Amino acid sequence: MRNNIKNIQYKENIKNKNIAVYFNNALGSPPLELHISAVKDLLSHGNKITAYVCDGEIQSCTANSLHSKSVCIFCKFRAMDAINDVKDKVDVKFIKLNNVSDSVDDRINQSLELGVMSSMASAVKAQSYEQLNDNWKSFHNKMLFSAKQLYNYFKDEIKTSKYDFVFMFNGRFGEVKPVLEATRDSDAGYGLVEVKKSLHEVVFINELIHSIDGNTRRAIKCYEEDEEKAIKNAEIFFGKKAKNEDTGDPVYTKNQESGMLPNAIVDTNKIIVAIYPTTDDEYKFIGKEWDGFVPEDQVEEIEKVANVLDEDKYILVVKMHPNQANTAENVLDRYLNLEKKYKHIVVENPMSKKDTYALMFKSDYVVNFASTIGVEACYAGKVVIQIGDTTFSKMDISYIVDSGTKAGEMIAKGTLEPKSKKGAIIWGNYLATYADTLPSYKRIANGDYTVDGKKVGHSKLLRILQLPAKLRLEMNKPGFEFNMAFLLKGKDIMMNVIKGKWAVK
């Protein structure tokens, strides 16, 4: 029977099962709305549901690193307010960790450490424990301690209650990775809920959210349902991206000046190689979930490309991702120093006004790590070389290599032709349209979601009471300065409270 559970890949095939739903990150939206919408969907298929809610005993989590009591109270309120709508159909258990052991084996400890560092990376863009300051090392240690307890707690709960599946949000961070690992080690099935491009809900069954195979299968299935429509959807999607229009995710290029190129390539006769790195901390930790290869260091790989290509013949433009603006200072410096080390490298910093798309269209080659720009470049008819894997690796969008040296050698041969646009069309259509529909869930706009037409978990008073803790958390982040940017952020938070809007995650 367990083998049958492990072979299920779509939520529609989960019927009449005993299921636990762990309401992790209930403080955020859309996680809360996804949780309760998944519960309602599972109930409609005859499943028995037990909801697990944190009762404040997780010492540090992604949403509440400081373990502030006001934040814990608000988080619990949100979860219970959402569950209230199905209270007669769902059992509720509050997670109790006081007497739970934190002893785990080395394999699990390494996995949980990865989850905790994913949380740290999300908060402060750190790529290693050593890059954390003393405060954040303390948060890390407490989160890891609770993660070990959570692993043992859920191992016991799954065994005692004989759950067939455990559902949770995302599965990657410090307070949810242990539940995912406990589920796997208990030979039960798991479900991961998330949003894709901030637009559409997805539910991955027995596969990680960033699984290459899982995403590939869904993308192809979505394309084959209506190929003509998929071609049109992709055209609209890539057109919006190039025009800096909303496609669901934040428009990172909106502050760039249309058509503006780096001065060094405006009138050059050299071969232009555009290089697009991605956010280092996310790449390092999300990449561990891919069933493929991810290089350890993007800067090192860029140097390898530069070492192969003749400085008199080529010019390399490293267009840093706008989201890299918040990366650790020493990491940012390593990128900026590439210009000093190599005569044929130009580095555009994360906040550069130079146009990402103008550079792509001007370039002769595009070297990509894990950015969607690689898909867009393929659609634009460019030769794309990808260093390492990403979720779209099996779409035949790019020439995939495992090192910058090989990328440089392929460029130097000068024999590469652009790949077919079909893979880019399949992926563009997937990003724009695919959803594992949860009928109760609806996105109104980023930060604004409903469940069966109603907003859940809203309390202006409780949200206001936890604001000092949120501001204190911001002030604990490395490099904090009490400046205009901080005041503007505080203003945005207050306006969101007044308007009833919430963080995306």
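The values are calculated or read from the model by the stated rules, or taken from the named source; none is laboratory data. Note that the structure is predicted; figures quoted are calculated from it, not measured. Positions of Cβ are generated from backbone atoms using ideal geometry, with glycine treated the same way; all protein chains shown enter the neighbour counts.
With respect to (1) without any contact (Cβ under 8 Å) to a residue 24 or more places away in the chain; (2) in contact with a strand residue (DSSP E or B) (Cβ under 8 Å, 6 or more places away or on another chain), the lone exception for residue 402 is condition (1). Answer yes or no: is there a residue in the stretch 22-38 that is of a type in the set (Asp, Glu), assigned to a helix (DSSP H, G or I) and within 24 Å of residue 173 (Cα to Cα). The answer is yes; a qualifying residue exists. For the stretch 161-201, the candidate set comprises residues that are within 18 Å of residue 249 (Cα to Cα) and of a type in the set (S, T, N, Q); within that set, the residue that is surrounded by the fewest Cβ atoms within 10 Å (Cβ to Cβ) is 198. When residue 266 is tested against (1) surrounded by fewer than 19 Cβ atoms within 10 Å (Cβ to Cβ); (2) closer than 22 Å to residue 379 by Cβ; (3) among the β-branched types (Val, Ile, Thr), exactly one condition is not met: (2). In the stretch 289-310, the qualifying residues are those that are exposed (fewer than 14 other Cβ atoms within 10 Å of the Cβ) and farther than 25 Å from residue 394 by Cα, and the one that is farthest from the chain's Cα centre (by Cα) is 310.
Restricting attention to the stretch 318-340, the residues that are closer than 9 Å to residue 351 by Cα and among the small types (Gly, Ala, Ser) total 1.
So if I check each of 294, 305, which one is in the same structural domain as residue 346 (by TED's automatic domain parsing), touching a helix residue (DSSP H, G or I) at 6+ places or on another chain (Cβ under 6 Å) and either assigned to a loop (DSSP other than H, G, I, E, B) or aromatic (Phe, Trp, Tyr) (or both)? Going through 294, 305 in turn, just one is in the same structural domain as residue 346 (by TED's automatic domain parsing), touching a helix residue (DSSP H, G or I) at 6+ places or on another chain (Cβ under 6 Å) and either assigned to a loop (DSSP other than H, G, I, E, B) or aromatic (Phe, Trp, Tyr) (or both): 294. Comparison of 472, 463 shows that the only residue that is crowded, with 20+ Cβ neighbours inside 10 Å, basic (Lys, Arg) and on the phi < 0 side of the Ramachandran plot is 463. For the residues 15, 6, the requirement of being assigned to a helix (DSSP H, G or I), surrounded by fewer than 20 Cβ atoms within 10 Å (Cβ to Cβ), out of contact with any Ser or Thr (no Cβ under 7 Å at 6 or more places or on another chain) and in the same structural domain as residue 166 (by TED's automatic domain parsing) singles out 6. Taking the stretch 28-51 as the range and being surrounded by 24 or more Cβ atoms within 10 Å (Cβ to Cβ) and either in contact with a strand residue (DSSP E or B) (Cβ under 7 Å, 6 or more places away or on another chain) or outside the structural domain of residue 141 (by TED's automatic domain parsing) (or both) as the test, the residues that pass are 29, 30, 31, 33, 34, 35, 36, 37, 38, 39, 42, 51.
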